[in-house]
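Quick notes on the structure that follows.
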Amino acid sequence: MTDAPAEPSGPDPARLLGEAATKSGMLWVRVPGAGDHAVWHVWRPADEDADRPAAVLVVSGPGEQHLPWLPADVVLVLRSKDSGGRLLTVPAVAAELEPGSAEWQEAVDLLRPVRLNATGDVEGRWRESATVHALVPDTAAVARPTGDAEGSGAAPVRPAGPATARWRPWHLRGRAGGRRRTAG
């Protein structure tokens, strides 16, 4: 009887996602048709008692980070804290939290201490002009980079024009290279 050794299954995707989102202070939100947007966030772990899934909480608006309008389906790209490279890619469902609701208040209570250089009444400003989103990841569809076959995920280099102009501006008494005389 020849049993093939079982392939290692790797870490649990939900735990890996939670670990990556907790340790890294930023991630990219990939919006279809609008590109990738780097955002700071807070990870809210799942609460089994309250039947509440884990979520990434982000705030955007005037005076905060810029995010375009988020459709229901977005993709989260999480980076490795060690190397800064892409670690996980996971689809998520974006939900805008209603200001004043219990869920919004809980999200603000988690986001407020993490907001750097906050001035004035952050909660009031967020209530008036910002948008708080809960991005609920689909842990069953977590995609990890598999190596070089998939590529790094870096944006392709766009060709640029020449670095110098064709003509050189006139200089009083010529350029320095022409004035140097060597004794020989």
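Only the coordinates and a few stated rules stand behind these numbers; no lab work does. Fair warning: this is a prediction, and the values are worked out from it, not measured in the lab. Counting neighbours? That spans all protein chains shown, and the Cβs are built from the backbone with ideal geometry, glycine included.
Could you list 19, 64, 128 in order of exposure, starting from the residue whose Cβ has the fewest other Cβ atoms within 10 Å?
Values: 19 17, 64 21, 128 11.
So the ranking, lowest neighbour count to highest, is 128, 19, 64.
If I stretch the segment between residue 167 and residue 103 completely, what's the gain in nm (0.36 nm per residue apart, minus their alpha carbon distance), one decimal? Please report the intermediate quantities before stating the final value.
On the way: separation 64, 0.36 × 64 = 23.04 nm, distance 6.23 nm.
The span from residue 167 to residue 103 would gain 16.8 nm if fully extended.
What whole number of Å gives the distance from the Cα centroid of the stretch 92-140 to the Cα centroid of the stretch 40-75?
Cα centres, the stretch 40-75 to the stretch 92-140: 7 Å.
Quick one: compute a quarter of the convex hull surface over the Cα atoms of the stretch 13-145 and quote it in nm².
Numbers: hull surface 32.7 nm².
Orientation-averaged projected area of the Cα hull: 8.2 nm².
Given a Förster distance of 30 angstrom, what is the FRET efficiency for residue 22 paired with residue 96, based on the Cβ-Cβ distance and rounded to 0.05? Numbers along the way, then the final one.
Working: r = 23 Å, r/R0 = 0.78.
Using R0 = 30 Å, I get an efficiency of 0.80.
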